[in-house]
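Comments concern the structure below.
We did not get these values from a lab; they are worked out from the coordinates using the rules stated. All values derive from a computational prediction rather than experimental measurement. Every residue, glycine as well, gets a Cβ built from its backbone with ideal geometry; the counts of neighbours run over all protein chains shown.
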Amino acid sequence: MSTTGPTPPPDGAAPSGQVSVAEPDPPPESGGSPKRLGDVLFGGAALASGVLILATLAGVATFLFLEALPVFSAPAEDISGGAGFFAYVWPLVVGTLIASVIALAVAPPVAVGIALFVSHYANRRVGNTIGFVIDLLAAVPSVVFGMWGLQVFATAVVPLYGWLEDNLGWSPFFTDASNTGRTLLTASLVLAVMILPIITSVSREVFLQTPSLHQEAALALGATKWEMITTAVLPFGKPGVIGGTMLGLGRALGETMAVTIILSPGAFKLNLIGTGNATIPSEIALNFPEASGLRLSELIAAGLVLFLITLAVNLFARWIVDKRSEFSGAN
């Protein structure tokens, strides 16, 4: 009596007692559903916009550099002042930086206070009204700020400059007080008023985006409203405040008309309440219409210096914001 083993199943069939599982079909070779025409057009338009911005920036930098080349190779005695381009532009750079730093020291604390009041303290009607006024202030032309600074603000601060000279005259910053108020400090304070709406608007919108769960959790743990703001709102809004401050600094660095109207041109002095001093934008605005030849190249070279300063400031601000990018509403 002969015995035989179990008959093997045919090819592709599962053994007895086992359930066959169908293998999934291979993915289509096309790589997925085709892109819609609208997505393609929008992506192309976005890419073209980004390339256009970079091309414009590169074109401006190239123009400034090529037009400024004659200054770098010209004899020192042919440059305004007779001591070379560095000696000519350095006082302008110092005046520009001093005015911008003073404006940056005054405006952000006030702007953050206004933004916190609008977003967390004022009722809706009052907050909306103040927000509308702040946004409207940002639309005021620079020449209006300049005329107000010259006719109203400069006259009002003359007694203050006299007091500063009497009490701080030992410092080179507060000597020879001007009796007209057309000083670097006046221009700096007007710049602070000009950049205040920008910083306030950005800070207000960022504070309003603070996750409500963060604020409610802080209050539930027994924090006061101010403690909740310092532990939840301000840390969340810090990148936005920095970004708004850098936007304001960019306007302060490049502001032309207001500073030109207020400042009384003269030799550079490390003095905040005396006459004289100038910034790069005001120097260009006052002399560009009648400039030609090497003098025109000097002004364009000064513009190149201002361009590089502004670029460096924005890159530094971008680095600071990126360092804080890990903080979000989810963590």
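Points worth noting:
- Solvent-free Debye calculation, one equal scatterer per alpha-carbon of the stretch 148-293: log10 I(q)/I(0) at 0.16, 0.21 Å⁻¹ equals -0.87, -1.14.
- Longest exposed-site-free window of the chain, the sites being chymotrypsin sites (Phe, Trp or Tyr not before Pro) in a DSSP loop that have at most 15 other C-beta atoms within 10 Å: 1-169
- When trypsin sites (Lys or Arg not before Pro) are flagged only if DSSP places them in a loop and at most 13 other Cβ atoms lie within 10 Å, the longest unflagged stretch of the chain comes out as 37-331.
- Length gained on full extension, Gln209 to Val110: 33.6 nm, using 0.36 nm per residue less the C-alpha separation.
- Cα gyration tensor, the stretch 84-144 - rounded (a/c under 1.5), prolate or oblate: oblate
- Net charge over other residues, Cβ less than 11 angstrom from the Cβ of Val89 (K, R count +1; D, E count -1): -2
- Theoretical FRET efficiency, 1/(1+(r/R0)^6), r = Cβ-Cβ of Phe117 and Asp176, R0 45 Å, to 0.05: 0.70
- Cα principal axis extents for the stretch 30-102, largest first, Å: 70, 34, 17
- If R0 is taken as 25 Å, the Cβ-Cβ distance between Lys238 and Val101 corresponds to a FRET efficiency of 0.80.
- Per residue convex hull volume, Cα atoms of the stretch 73-179, in Å³: 189 Å³
- When only alpha carbons are used to place a centre, the stretch 46-64 and the stretch 213-238 end up 42 Å from one another.
- Entry note: the chain has Rg to Rh equal to 1.27, where both radii use alpha-carbon atoms and Rh is the Kirkwood radius.
- In the chain, the DSSP-assigned H stretches of four residues or longer account for a calculated mean residue ellipticity at 222 nm of -20500 deg cm²/dmol, using -39500 (n - 2.57) per stretch and the full residue count as denominator.
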